[in-house]
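Presented below is the structure to which this report refers.
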Amino acid sequence: MSNILKNTFRLFSRHKEYASTIIVTPIMMLLIFSFVLSFQSKVNIAVIDKSGDGFGTYIEEILEDTELLKILDMKESAIETHIQGGKIEFAVIIGDAESENPIIVIKAKDSFVATYMEVMLNGAVAKYGKEETGNFTQNEVEEKGVPIGNSMGMVIFKMLTAASLLAELIIIEKKRGIIQRIFISKTNLATYLTGRGFVFFIHMLIYIACYFLTALFFRFDFGMKNPIRVAVIFMVMGVFTTAFGMFLGAVLKDEGAVWNVGVLFLLPSSILSGAMFPFESMPKLLRIIGSVFPQRWITSAVEILQNGGSLVDTVKPLGLVLIASLSMFVFASVKLGRGRKR
C-alpha cells in the first residue's frame, strides 16, 4: 500500500493539469463568478418617501440593509413604465406611519421578491414606535459581502471534472498493462483502488482548502453562521468525485472520452440540479429530472444549512451521495476485475 500511495502522489503531482485543476481552478471560479454574478443578483427597486419623518428613514434603512435589493432613484410617475419595461421589479411608496396604508408596494403580478418584502415591511410597520423597533432584524447572519452561492455551482461542476485526473490515470494504466502487472504481483484490486482513491481524495481536500481559504480571505457570505459545515458537505462531495473518477476509469477506454463526459453529462446535470441556477424557478419537469443528480443532493444539503438547519438535517441528501459513491466504487472494482480475467 505504501508503494501505491507514493507512486500515486508522484503521478498526480507530475500531471500537466494538476496545478490548474486542484489549485488555480477553485480560486478562479470563486473570484470570477462571485464578483461577476454579484452585479446581476441584485433586484432593482424604487423607493418613494412621502412620510417626511423618521418612519420613512426607518423603512429605507431596512430596504438598504437587504442584500438582495438595489434602490434606484426614480420619479413616482415613471414607476409603472419601468416595472413593465423590466428596469425595476417593484416600488415601495412610504406614507404616514399613522395612515391606513403606510406602505404601498407596486409590483408585477409574479414578483415573489416583492411579495416577500411586502410581508416583511408590514411586520416592520407593526413594530414601528414600539420599544423593539430598533431590534428589528431580517437576517441573523452577519453580512460578509458577496454571496458564496454565486460561484458554488460552478465550483461543484469543476470539482467533478477534476475526476478526470484519476480516470485518466486508471485508463493509461489499463492501456499499458500496469494494472495486469499489479494483479500478477498479487496486490488486491481493492487495495490498488483504495490507494489511488485515497491520494486523489487528499488532493480534493487541497481543492476544498483553496476554495474556502480564498472565500474566507475575501469575506464572502456563506449565508450561515458556521461556514465550516459547508466544508463538511464538500468533503462528502470529494468522496463522490473520487468514486466518480474510478467509475470513469473503469468504464472508458480512452482519455479523450473523459472530456466528453464533462461536456455532455456533467454540465447539463449541474444546470438541471440547480447548482448553477435557482432550482425552484425551473419548470416542474426539469426539477424532477434534476432531482436525480448528485449535484442536486449536495446543493440541497447546502440549502438546508443556509435555511438554519444542522448537519443532522443533511443526512438524507448526503447519505444518497455516499451510497452513490459506494456503488461506483464497487462497480469499478468489478469492472476492472473482469478485465483482469480476459
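Throughout, read-outs are computed from the coordinates displayed, never taken from laboratory work. Note that the coordinates shown come from a computational prediction; the quantities given were computed from them, not determined experimentally. Virtual Cβ from ideal backbone geometry, glycine too; neighbours counted across all protein chains shown.
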Next item on the list: Can you run the Rg to Rh ratio on the stretch 42-135? Use alpha carbon positions and the Kirkwood inverse-distance Rh.
Entry: 0.95
Notebook entry, point to check: With a sphere of radius 15 Å drawn around the Cβ of Val292, what net charge do the other residues whose Cβ falls strictly inside it have (Lys, Arg +1; Asp, Glu -1)?
Noted result: +4
Notebook entry, point to check: Non-local amide H neighbours of Leu69 (under 5 Å, H modeled in plane, Pro and chain starts lacking H): which ones?
Noted result: Val43
Margin query: Among the listed pairs Lys127/Lys225; Lys127/Lys284; Lys70/Lys127; Lys158/Lys316, which have their C-alpha atoms separated by more than 30 angstrom in this model?
Written below: Lys127/Lys284
Notebook entry, point to check: Taking the Cβ of Ser270 as the center, what net charge do the other residues with Cβ under 13 Å away carry, scoring Lys and Arg +1 and Asp and Glu -1?
Noted result: +2
Next item on the list: Assuming R0 = 25 Å, can you tell me the calculated FRET efficiency for the pair Leu326 and Val24, based on Cβ-Cβ distance, to the nearest 0.05?
Entry: 0.20
Notebook entry, point to check: Measuring from label point to label point, each 7 Å out along Cα→Cβ, what is the Ala257 to Lys335 span in nm?
Noted result: 0.8
Item checked: Two-site FRET efficiency, Lys316 against Glu64, from Cβ-Cβ distance with R₀ of 30 Å, rounded to 0.05 -> 0.20
Check: Contour minus end-to-end for Val43 and Ile202, with contour as 0.36 nm per residue of separation and end-to-end as the Cα-Cα distance?
Finding: 53.2 nm
Check: By counting other Cβ atoms within 10 Å of each Cβ, how are Glu100, Glu80 ranked from fewest to most?
Finding: Glu100, Glu80
